[in-house]
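Have a look at the structure below before the remarks.
The values are calculated or read from the model by the stated rules, or taken from the named source; none is laboratory data. In this text the structure is predicted, and so the values were computed from the model without any measurement. Here Cβ is always computed from backbone atoms with ideal geometry, including for glycine, and neighbour counts include all displayed protein chains. All accessible areas refer to the heavy atoms of the entire protein, side chains included, with ligands and DNA or RNA removed. Shrake-Rupley method; radii C 1.70, N 1.55, O 1.52, S 1.80 Å.
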Amino acid sequence: MNTIPVKQVEAGAGEYRKLTVNIFRHNPQDENSVPHMDTFEVEEADSMTLFILLNEIRENQDPTVQFDFVCRAGICGSCAMLVNGRPKLACRTLTQELPQVLNLAPLPGFELIGDLSVNTGKWMRNMSEHLETWIHNREQERDFCELEEKMEPEVADKIYELERCVECGCCIAACGTAQMRADFVGAVGINQLARFKIDPRDDRTDADFYEVLGTEEGVFGCMTLLGCDDMCPKELPLAQQIAYMRRKMALAEV
Ligand code: SF4
Ligand code: SF4
Ligand code: FES
C-alpha cells in the first residue's frame, strides 16, 4: 500500500510528466503464460520512487503485477530489477532521474517467480553453502559465557564496510560471467569471503580459502570488467575486494 503522500511533478509550465511504464509479464507456473510486456501510464509525483510507481499500478490498474519489497529503505535488497537495462533497487530509484519511457524487467541470472519477482534467496543460499560464508573456528569446545576477544576498531570498520552487502543480486545481473556460468559465485560471493578472510575470529588459512574460491567458479572465473562495481547500489568496494582475493588466491596456488 502506498502510504507516502505525493505531490505531482511539473514537467513544464504547470504540466506533469505522464510516464509510460512497460513491465515484463510471465508466470512460469502457468503453462499457458507467454512472456510479454504490458504497458501502463502513470502520472509522476514529487519524490516518486519506482517502488511507489509500481504500487500505484498495482493499486489502481492491475493488482496482479508481481514485484518484491520489504523494507522500502535500501536495506533488505529484495526490490532489485532491471530498469531500462540496468540493475537498480526500486525503492531507492527516483523516477525524476529516469526518462519518460521505462522498461522494467526481472533480474537475469535468477529463477523467475513471476513478472519482476526473482528468487535471489535461493541463489544466495547456494552460494553461501558452497563458499561456507560463516566463521570457522577450530576450537572444538566453546564456552559461550566467555567474553569475546576485543577486535581492533580498524578491523571492525573494515568488516562492517563489507557487511553492508544486502544480497540484492545487482552485481550478478550486471556480470557477464554469472550470466554464462550458473555456478559462478560472483562479486557478492568474493566480497563475502573477503569479509571472513580479514576477520581474526576465522581460523581458515589461505589454502582453505583457495579450496573454495581458487577455481573458475570462484575468483579465477572473473573477467574483471567490473560491471558489478558500477552497479552495486550500496557502493561496496568490489573492484578492490576482487583484486585482493585474486592476489591472495594466486599466491596460495604457488
Ligand atoms: S555486492 Fe552490492 S550489488 Fe552485489 S549483492 Fe551485495 S549489495 Fe547487491
Ligand atoms: S568484475 Fe568479475 S564479478 Fe564483477 S562483473 Fe566482471 S566478471 Fe563479474
Ligand atoms: S524494498 Fe528493501 S531494498 Fe528496496
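Two decimals is fine: what's Rg over Rh for the range 166-221, C-alpha atoms, Kirkwood radius as Rh? Intermediate results must be reported in sequence, preceding the final value.
On the way: Rg = 12.0 Å, Rh = 11.9 Å.
Checking Rg against Rh, the ratio lands at 1.01.
Size descriptors for the chain, from the alpha-carbon set: Rg then Dmax equal 21.2, 72 Å. Within the accessible area of the range 95-195, the carbon and sulfur atoms contribute 50%, probe 1.4 Å, all protein chains present.
Kirkwood Rh, the range 117-238, all Cα pairs: how many Å?
Radius from the Kirkwood sum: 15.5 Å.
Remark: relative contact order (the range 12-106) = 32 percent; criterion is Cα-Cα distance under 8 angstrom and separation of 6 or more residues. Note on the chain: Lys pairs 8 or more places apart or on different chains, Cα atoms under 18 Å apart, count 8. Roughly how many Å is it from the Cα centre of the range 33-64 to that of the range 87-102, as a whole number? Cα centres, the range 33-64 to the range 87-102: 12 Å.
Relative contact order for the chain: what is it in percent, counting Cα pairs under 8 Å that are at least 6 residues apart?
This gives 16 percent for the chain.
Once you keep just the Cα pairs under 8 angstrom separated by 6 or more residues, what percentage relative contact order results for the range 103-195? Answer for the range 103-195 is 31 percent. Computed extension gain for Asp183 through Gln96, at 0.36 nm per residue and net of the alpha carbon distance, reaches 27.6 nm. Shape of the range 25-103 from the C-alpha gyration tensor: prolate (a/c of 1.5 or more and a/b above b/c, with a ≥ b ≥ c the square roots of its eigenvalues). Select from Asn137, Asn103, Asn55 the residue whose mean-square fluctuation is largest in a Gaussian network model of the chain (Cα-Cα springs shorter than 10 Å). Among Asn137, Asn103, Asn55, the largest GNM mean-square fluctuation belongs to Asn137. Take the Cβ atoms of Thr64 and Glu152, set R0 to 45 Å, and the FRET efficiency comes out at 0.30.
In this calculation the C-beta distance from Ser33 to Asn119 is compared with R0 = 25 Å, giving a FRET efficiency of 0.90.
Which part of the range 184-208 falls in the paramagnetic zone of Arg142, meaning amide N under 11 Å from the point 7 Å along Cα-to-beta-carbon? Flagged as within label range: 201-203. Average accessible surface for the chain: 55 Å² per residue, computed with a 1.4 Å probe over protein heavy atoms with every protein chain in place.
Between Asp206 and Ala252, residue separation times 0.36 nm minus the direct Cα-Cα distance comes to 16.0 nm.
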